[in-house]
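Asks: One structure, as structure tokens, below. Some questions next.
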Amino acid sequence: MNFGQISVWGILLVIVLMGAAVAILWIVDKRTVRKALRPSIHLPRVQKSLWLPLFGAMLLSALALTGCMALSLSCHAFWPMFIILLVCLLGSTPYAFEVYLRSLKHTEAHRRYLMANGATHFESIVPSVHRSMRAAVLPMLWQRSSHMPLAMLVLFCTLLLFGATITAALVITLMTWAAAITAAIMAIVLTIWIADFKLFPKGKA
């Protein structure tokens, strides 16, 4: 499938079908539609100096995973997939990073206790890292409060409308889902690793 040869009629058909689906859902359950259309990007309350590593890690992760997917897909699919992955990361990584910062604050005494008893700095922050990784991945999984399954269903239907076979559409959708989960883990790990130099200067950890 060549993403560069998508017709204007195909795009219009997708917009019309999605609009019709939203209209029907609005008639049936307005609350669900309001929740689905509500912006889900979470902006954490962090120091200004930590915004750069946060968004830098998201960009690097999205680029890396999109590059891996582009090896098996058409080169025309690079930018659409990059945008999809970046939107997924914007919905999970900032919140996961805030979870990490809150966990550090609430477990400061325990962290210092561990280090006083011989634990390394990495060992002392592992519980907080685990919490942030769960917060990054859970929005990507099949949960009632997650928009990810619906997004993947829309992607699957869109690929079918653009001429992909059922097998190709299913493979691309599953690859995108797996890449989004991997990118979320990579992004939060990179963010924590880079931010660690700012949060814990040498001699002050």
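Asks: What pairs come out if I take residues in region 84-102 that are more than 13 Å from Ala187 (Cβ to Cβ) and pair them with residues that are open to solvent by 10 Å² or more (accessible area, probe 1.4 Å) whose C-beta lies under 6 Å away, six or more apart or interchain?
Replies: Here the result reads Val99/Arg131; Val99/Ala135, each pair linking region 84-102 to a residue that is open to solvent by 10 Å² or more (accessible area, probe 1.4 Å).
Asks: Going by what's in this entry, would Thr167 be described as outside any loop (DSSP other than H, G, I, E, B), open to solvent by less than 50 Å² (accessible area, probe 1.4 Å), over 19 Å from Ser92 (Cα atoms) and of a type in the set (S, T, N, Q)?
Replies: Criteria not met by Thr167.
Asks: Identify, please: which residue in region 125-153 is polar (S, T, N, Q) and modelled with pLDDT of 90 or more and is, among those, surrounded by the fewest Cβ atoms within 10 Å (Cβ to Cβ)?
Replies: That would be Ser128.
Asks: A further question on this structure: Quick check, is Ala178 within 14 Å of the chain's Cα centre (by Cα), surrounded by fewer than 20 Cβ atoms within 10 Å (Cβ to Cβ) and at pLDDT 80 or above?
Replies: yes
The values are calculated or read from the model by the stated rules, or taken from the named source; none is laboratory data. Quick caveat: nothing in here was measured; it's all calculated off a predicted structure. We place every Cβ from the backbone using ideal geometry, glycine too, and count neighbours over all the protein chains shown. Heads up: the accessible areas ignore ligands, DNA and RNA and are worked out on the full protein's heavy atoms, side chains in. Shrake-Rupley method; radii C 1.70, N 1.55, O 1.52, S 1.80 Å.
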